[in-house]
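Could you have a look at this structure, given as structure tokens, before my questions?
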Amino acid sequence: MTAPLWNDPVPMEQAQRILIIKPSSLGDVVNALPFLSSLRRRYPDRYIAWLVEEEAAELLLGHPLLDRVIVSGRRRWRREVRMPFRGSAALREIAALIAELRQGRYDLVVDLQGLLKSALMVICAGARFRVGLAGAREGSERALTHVVPLPPGPLHAVDRYLEVARFLGADSLLKTFVFPSRPDDGARAEALLAEAGVKPDSLVIALNPQARWTTKLWGEERFARLGEMLARQHGARILVIGSSSDLPLARRLANGMDPAPFVAAGRTDLKVLIALLKRIDLLVTVDSGPMHLAAALGTPLIALFGPTDPRLIGPYGGDGVVLRVPLPCSPCSKRRCQIKEDRLCMHSISVEQVAEAASTLLATGPACRAGSDCS
């Protein structure tokens, strides 16, 4: 493998077939969408494909700026290769993915993930030019031919990826989020709201209590108390959103709240969730994929942060408010709490603090409807 180059430009006239590797997570894929927009605007005639994992694939399938979406089942394969009756099928799928990468005859591969798993895919693609960001982990830089330097200081993920766009000759100032959609997504979201009893003039607030890291969780009881307060103070209809795996949590919240919220968790795929987030007036969420979606859509939101750094991966743009309590141990970027009092950074954010922020946002933003109690 050749040593990576730092400042030599990529001869883009030779890069007719481009592969973007950004497999996960949902929020990371959302943050990489402006990179795609910038690249497509600069090179409208190039073939552009994206390698993504199954969990976030729906965000890209049918995307108007992509020629091809390659879906990896990596997480599922890791489980299935150990299973007696699924192992051989998983190995065949892995072989098929490698073959597809080889057959793509890509001239340029852009690794926006910067991990060993993405470096392996970079190698499998066999492209002549292989570009990634400085500071990549797990030795993944060794798979690259060009490494993009970053300016000093904290830089949000969106801006990090746009540095790669600038390196490739595209406009790094273009920060456009483009999402795929189907003709009936809006109607399906409206049908769900109608089932929830939402009227055209209703104030709708969604709660997203779930995240992959346990250290990001604020707590079910806190979300339940907050939902009750917002429903009573603002006359809002409260929704609990999430994936099908979040349904047990959403139901526990619903059972513990008065008035009970509408459980939308498990009722939407990603495209319908996007349509739903466009329709609501406010989202209260932990650091998660839906947070990034809402921010990209311009939906007013309150994001609760503890172990992660909002300067790097907070809500980007839009009408968003980040709440966090500065502690010596935060942000730690750890999946497990390292101090005796578990999740102190998250639990230090009070329900009253969030409710006050919600009232302020509703009173000053477009969610403050005529006739609503926005005081």
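Would you compute, from DSSP H runs of 4+ residues alone, the mean residue ellipticity of the chain at 222 nm, taking -39500 (n - 2.57) per run and dividing by the full residue count, rounded to the nearest 500?
Dividing the helical sum by the residues of the chain leaves -11000 deg cm²/dmol.
Straight-line reach from K334: which lysines have Cα under 19 Å away, leaving out those fewer than 8 places along the same chain?
Excluding near neighbours in sequence, the set is K216.
I would also like to ask the following. With a/c under 1.5 counting as rounded, go ahead and sort segment 1-102 into rounded, prolate or oblate using the C-alpha gyration tensor (a ≥ b ≥ c being the square roots of the eigenvalues; past the cut-off, prolate if a/b is larger than b/c, else oblate).
Prolate, since a/c reaches 1.5 and a/b exceeds b/c.
Whats the longest run of the chain with zero GluC sites (Glu not before Pro) that are DSSP loop and have at most 15 other Cβ atoms within 10 Å?
That gives 139-340 as the longest site-free run.
Determine by what factor the alpha-carbon radius of gyration of segment 115-250 differs from 2.2 N^0.38 Å, reporting the quotient.
1.53
Relative to the compact globular guide of 2.2 N^0.38 Å, what is the alpha carbon radius of gyration of segment 142-216, as a ratio?
Relative to the rule-of-thumb radius for its length, segment 142-216 sits at 1.79.
For T308, T214, what ranking results if the residue with the fewest other Cβ atoms within 10 Å of its Cβ goes first?
Result, fewest neighbours first: T214, T308.
Grab the Cα-Cα distance for A96 and L150, subtract it from 0.36 nm times how many residues apart they are, and report the gain in nm with one decimal.
15.9 nm
Could you derive backbone 3J(HN,Hα) for segment 194-201 from the dihedral phi with the Karplus parameters 6.51, -1.76 and 1.60 (θ = phi - 60°), listing whole Hz in sequence and x where the residue is Gly or Pro?
4, 4, 7, x, 7, 9, x, 9
Further question: Quick check: net charge around R222, other residues with Cβ under 12 Å of its Cβ, Lys/Arg +1 and Asp/Glu -1?
Residues near R222 contribute -2 overall.
Run the paramagnetic zone check for R78: 7 angstrom along Cα to Cβ, then residues of segment 312-336 with backbone nitrogen under 19 Å.
From segment 312-336, the list is 333-336.
Quick check: pseudo-label points 7 Å beyond the Cα along Cα→Cβ at L174 and L116, how many nm apart are they?
3.7 nm
Along the three principal axes, how long is segment 185-364 when you take its alpha carbons, biggest first, rounded to the nearest angstrom?
Computed over segment 185-364, the largest-to-smallest principal extents equal 46, 34, 31 Å.
I need Y47, Y316, Y106 ordered by Cβ neighbour count within 10 Å, fewest first.
Y47, Y316, Y106
What is the sum of charges, Lys and Arg at +1 and Asp and Glu at -1, for the other residues whose Cβ falls under 15 Å from the Cβ of E53?
0
Let me ask another. Once amide H atoms are built 1.01 Å from N in the peptide plane, which residues 5 or more positions from L150, or in another chain, come under 5 Å H to H?
A134
Using 0.36 nm times the number of residues separating R182 and Q16, minus their current alpha carbon distance, what extension gain do you get?
In short, 56.9 nm is gained.
Where the centroid of each part is defined by its Cα atoms, how far is segment 1-70 from segment 178-200 in Å?
Centre-to-centre distance over Cα atoms comes out at 29 Å.
To the nearest Å, what is the center-to-center distance of segment 254-278 and segment 75-114, using C-alpha atoms only?
Spelled out, the Cα-based centre of one part sits 33 Å from the other.
Sticking with the crude label model, points 7 Å out along Cα→Cβ, report the distance from Q103 to A363 in nm, one decimal please.
If labels sit at Q103 and A363, their model points lie 6.2 nm apart.
Let me ask another. Within a Cβ distance under 13 Å of C337, other residues only, what is the Lys/Arg minus Asp/Glu net charge?
Summing Lys and Arg as +1 and Asp and Glu as -1 gives +4.
Kindly state, to the nearest 0.05, the FRET efficiency for I339 paired with E221, given R0 = 25 Å and r defined as their beta-carbon distance.
Rounded to the nearest 0.05, the efficiency is 0.75.
If R0 is 45 Å, what FRET efficiency do you get for S348 and D67 from their C-beta distance, rounded to 0.05?
The formula returns an efficiency of 0.45 here.
Measuring from a point 7 Å past the Cα of R212 along Cα-to-C-beta, which residues in segment 326-340 have an amide N at less than 19 Å?
Zone members listed by number: 332-337.
Using the eigenvalues of the Cα gyration tensor, what equivalent ellipsoid semi-axes result for segment 194-241 when each is taken as the square root of five times the eigenvalue, whole Å, largest first?
24, 13, 7
Taking neighbour counts of Cβ atoms within 10 Å as a proxy for exposure, in what order, fewest first, do M83, M229 appear?
Starting with the residue having the fewest Cβ neighbours, the order is M83, M229.
Let me ask something else. Using only the Cα atoms of segment 12-167, what are the Rg and Dmax in Å?
In order Rg, Dmax, the Cα atoms of segment 12-167 give 15.3, 50 Å.
Per 20 Å bin, what is the whole-percent P(r) computed from every C-alpha pair distance within the chain?
Histogram of Cα-Cα distances, whole percents per bin: 27, 55, 18, 0.
Every read-out reported here was derived from the displayed coordinates using simple, explicitly stated rules and does not represent laboratory data. Just so you know, these numbers come straight off a predicted model, no measurement behind them. Reconstructed Cβ throughout: ideal geometry from the backbone, glycine too, with neighbour counts over all protein chains shown.
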